[in-house]
Structure formats: C-alpha cells, structure tokens
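Worksheet: one structure, shown below.
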Amino acid sequence: MKKRLLISACLMGINCKYNGGNNYIPEVEQLKEKYELIPVCAEILGGLPTPRIPSERRGTKVWNREGEDVTENFLRGAEEVGKTARFFGCGQALLKERSPSCGYGEIYDGTFSGYLTQGNGIAAELLSNMGIRIYGESEIRKLL
Ligand code: SF4
C-alpha cells in the first residue's frame, strides 16, 4: 500500500488560493506514483471564501489586509487539517511555503510588504506539534 502524504491543495492545481488561483507545481505528478495524496486547504476548511482578502500572521494572531482579525478561521482550519492527517495516518506533509496557514520555518511578516520572518503558518505549526514531518515545495525532491 502507498504511504499517504498530506498536501496543500493549491500545489495540486486546486484553485483555493486567496486570489482564486493556485500554486501548481508539475512535480506533484511524480508524487502520485509514490504516495496517496491527501489534499487540504486550511483556509477553506476554516470557513473562508475563495477569492478572499489575503492574510498574514503576526504573533499568535492572523489579520487580513483590511485589518480584520481572522485568527478564529485559521485556528478552525488548522484543527480540521489536523483531523484529516490523523484520520488518514499521514506522517508527512508537503505544504506551500510562506503561507500564514501552510508555511513552515519562514512566513510573511504580517506587514503585507513581502518581507519574511521566522515562524510557521497556523496549520503547519499544529501538524508539526503532532509529529508530522513537513516539507515545503522547494524540497519536493526529497520526497520523490
Ligand atoms: S491555505 Fe494552504 S492549501 Fe490553502 S491556498 Fe493557502 S497555502 Fe494553499
């Protein structure tokens, strides 16, 4: 049986990104041969629409560009992603880098100016705390 790999849905070409687009990378086609891919989008699962106003994390909170506190949506989405990972027994995840949900190690700094800071997206942090090994899309070769 193939191992299951949790994956940010936008990396598979699903149009769940804030602007209604996606972050497709062609290498995901090769991943299909080795893994059963389990797609998730924390922001959709947290009740946000697509398209939506982009958000960034600042400390323990997440704010959208209009200054609205969307932390509750991000926490709810992360919980659902965690549940999905547990249900399918995923030990690894391939997540979109720099996102306030999926980013791991480095995220946008909360000023909406394109600057990065050390930190994790809300969903990535929860998955990491569950012991799930997280890869960003620039590390996809490690999974192939
Ligand atoms: S929450 Fe994650 S899966 Fe959804 S659009 Fe953002 S980066 Fe992609």
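The values are calculated or read from the model by the stated rules, or taken from the named source; none is laboratory data. Small disclaimer: the values here were computed from a predicted structure and weren't measured. FYI the Cβ positions are ideal-geometry reconstructions off the backbone, even for glycines, and counts take in every protein chain you see. SASA here: full protein model, heavy atoms, side chains in, ligands and nucleic acids out. Shrake-Rupley method; radii C 1.70, N 1.55, O 1.52, S 1.80 Å.
Has the stretch 10-32 got at least one residue that is under 16 Å from ILE134 (Cα atoms), assigned to a strand (DSSP E or B) and near the ligand (Cβ under 8 Å from one of its atoms)?
No: zero hits.
Filter the stretch 33-58 down to the residues that are modelled with pLDDT of 95 or more and open to solvent by 60 Å² or more (accessible area, probe 1.4 Å) and list them by number. Give the steps one after another, and end with the answer.
The first filter runs over the stretch 33-58 and keeps only residues modelled with pLDDT of 95 or more, leaving 34-58.
Once the filter is applied, which keeps residues that are modelled with pLDDT of 95 or more and open to solvent by 60 Å² or more (accessible area, probe 1.4 Å), the stretch 33-58 yields LYS34, GLU36, PRO39, ILE44, LEU45, PRO49, PRO51, ILE53, ARG58.
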